[in-house]
1. Could you give every pair whose Cβ atoms fall below 8 Å, whose first residue belongs to region 492-509 and is farther than 14 Å from VAL549 by Cβ, and whose second residue is among the aliphatic types (A, V, I, L, M) and assigned to a loop (DSSP other than H, G, I, E, B), counting only separations of at least 6 or pairs across chains?
2. Can you report the number of residues in region 496-513 which are touching a Ser or Thr at 6+ places or on another chain (Cβ under 8 Å) and surrounded by 17 or more Cβ atoms within 10 Å (Cβ to Cβ)?
3. Could you tell me whether ILE662 is more than 60 Å from the chain's Cα centre (by Cα), part of a loop (DSSP other than H, G, I, E, B) and either more than 26 Å from GLY528 (Cβ to Cβ) or at pLDDT 90 or above (or both)?
4. For residues in region 377-396 being of a type in the set (A, V, I, L, M) and modelled with pLDDT under 85, which is surrounded by the fewest Cβ atoms within 10 Å (Cβ to Cβ)?
5. Can you run down the residue pairs with Cβ atoms below 7 Å, 6 or more apart or on separate chains, where the first is in region 638-655 and free of Cβ contacts under 8 Å to residues at least 24 places away in the same chain and farther than 27 Å from THR505 by Cα and the partner is part of a strand (DSSP E or B) and open to solvent by 30 Å² or more (accessible area, probe 1.4 Å)?
6. Within region 46-56, does at least one residue satisfy the condition of being basic (Lys, Arg) and at pLDDT below 70?
7. Sort out which residues of region 1-31 are open to solvent by less than 80 Å² (accessible area, probe 1.4 Å) and either modelled with pLDDT under 80 or on the phi > 0 side of the Ramachandran plot (or both), and write them in order of number.
Amino acid sequence: MAANGRSPDKILRAFSQGAGSFVALASFLAFLGEALAIQPVLTAFRLIPIQANQQALMGMLLGLALYCQHLDAPMARRLSRALALAVAATCLLTLGELVLGWPLGFDRVTFPPGFGALSGAEFARMSFPSAFQLGLLGLALYANGRFHGWPADLLTLIALVHLLISVLIIGLRIQFLYDRTFEIPVGVLVIVALMLGMLAAHPDRGIMKVILTENSVGVVLRRLLPAALLGPPLIGWLWSEGQYRGIFEAPQGMFFVVLAMTVVTLGLVLWNIAPLARLERAREEALKALQESETRARRLAAIVEASEDGITTYDPETWKLTYWSRGAEKLWGWSSEEALGKPAGFLTQPREPEKFRAAIADLKAGKAVTVHDVLATRKDGTRRDLSVGFFPIRDAKGRITAFGSIQRDVTEQRKMLLAVAARTAELSKAQELNALKDHFLSTISHEMKTPLSLITGYTELLEDTCPDEAMIAGIKDGSRRLSEHIDNILDYSALISGTLPLHRTELDLQEVAHHVESVMQEGFQQKGISLTVDVSPDTPVVDGDFRRVSQILVELLDNAQKFTPEGGKAGVRIGPEGDQARLDVWNTGEGIPEEDLERIWEAFSQLATADAFRKGGLGLGLTIVKRLVELHGGRVTVASQVGQGATFTVYLPAAHPQAKGI
């Protein structure tokens, strides 16, 4: 890129159009100044003298043609070619008149009487060099607008070489070659501007394209061409001037020429070493990058061919298949010979056509898209579910040249997803029923409280009047058990909903243990089970609810009482365990089978024993224990073997863990 963000192409085209404007304006003003004897104009254009004849007219026409060639309007370009062709024809006819003596009169322009200072005068004819070079430039400009490329450059270079030969012959005073064929034409600056403007007119082709390339050829041409064109004539002119003015003799002059050519050549070599070295490094880096790219391409091709997914490409216009991988052959059942060239639509049927069309629209806009729900038909007629991804493939300039696609068979995954969805629906229904059950239990428990209170009250009245004590005792025991069940249901419901309150205080677990022992001792004695309570004096204080921690121990002891036979033993051991308090509730009862150790914590779950119904209970006790322990920030475990009893261990965090070891 050139300075200010302008590319070399734009700069050269602007220079070419400016050269055309300069030539047209200079020719017109010089013609007008000389024809009408306008002295200020003649003075201003002394450096670019143009005779007021065909030369000036041809310069105006060629400058205008070069300017119009850069306009976008088709009419301007046609005008450019017409003007160039008119100049070429005029100059060729003038050359015929000069060389062959044809009396065509193209070398004279006569103004009508009364027209300016030169009215009625016959102007000097256009010289051979001017006619020859302007004619070649006219043909070149016509060819540039018509054929483009090298023909125009070749004609321009012939005119340039002719001009250089003329400069060399005259500059070196080679008298035997000098004649009117190789004289320097009048208005040489205008002709040089035309030549340079025409060479720069189309930098994207012809000789300028070669010169502007960033390879070694372009660098050498840009650096050597100006020196090659200007160096030898300048050295020759200096040699000629030196001899002409007697500064040195012929041998000395030859030494001067050889020395000058050597210095110039050495300077050019040194001047080109650094850029050529950079180009060589760039070439090596580009070659290395190309090799790495080829390696990556081979790896990618190997990955594509080894992929189980179907990988295909399509023509972006016709949507016909242009590539068919081995994975596609396995997925679809068609060989590449059968599939290539077919339209993509024969492969898939989207379950949601609207979404599929929207995805294809995004793909055409240059976005990568994925369509998950596509039904495909294999060659053998079987149907498969696919997830299909589409992506655009671009060339180095960012243009979309193809569409790629990756097809993945998701039939089994879809079946699994459908099964998971069905299972999720079932689970959701079960959760809904479970929530409804919990709500029902909570509601019915609250509603049973009132009639149960009435039954208890009437039982107390009957106790004073009814002689059947066994009946009264049975009613009271049933009421007590029913009240306990209702309390358990209400506690479970509150724990499930997260509404059970805790009234935390600093608990001395020895007090809790003695309270529980006093509550449970009578029941254990009636069943003939020995109950012991052992509390270590080092037991830390815990932060908990006295009632709920007591409930934990009562539930565990009640469970031990149910499953310990007469004559058995049960007990509570409480002591420290690191920064926690450890509460063990053990018994020598039936024990728990290993396969039931996890199930015992589930709500409404009871072990399948022969006398499970006789032992009673709702199967909520251990569930409530676990949730109450976790609500206190602790945990509960169980260890048991069938026939050797069980030990439930509760860990509760100490209220002051920093006091450990004191």
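The values are calculated or read from the model by the stated rules, or taken from the named source; none is laboratory data. All figures in this text were calculated on a predicted structure; none of them were measured in a lab. Glycine gets a Cβ as well: all are built from the backbone with ideal geometry, and neighbour counts include every protein chain shown. For accessibility, only protein heavy atoms count, side chains too; no ligands or nucleic acids. Shrake-Rupley method; radii C 1.70, N 1.55, O 1.52, S 1.80 Å.
1. TYR492/ALA603; TYR492/LEU620; ALA494/LEU500
2. 2
3. Yes.
4. By that ranking, first place goes to ALA396.
5. Listed pairs, sorted by first residue: ALA639/THR647.
6. Among the residues of region 46-56, at least one is basic (Lys, Arg) and at pLDDT below 70, which makes the answer yes.
7. Selection gives ALA2, ALA3, GLY5, SER7, PRO8, ASP9, LEU29, ALA30, PHE31.
Matching residues to (1) modelled with pLDDT under 70; (2) open to solvent by 60 Å² or more (accessible area, probe 1.4 Å):
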{"position": "LEU118", "(1), (2)": "yes, no"}
{"position": "ALA152", "(1), (2)": "no, no"}
{"position": "HIS162", "(1), (2)": "no, no"}
{"position": "ILE184", "(1), (2)": "yes, yes"}
{"position": "HIS202", "(1), (2)": "no, no"}
{"position": "ILE211", "(1), (2)": "no, no"}
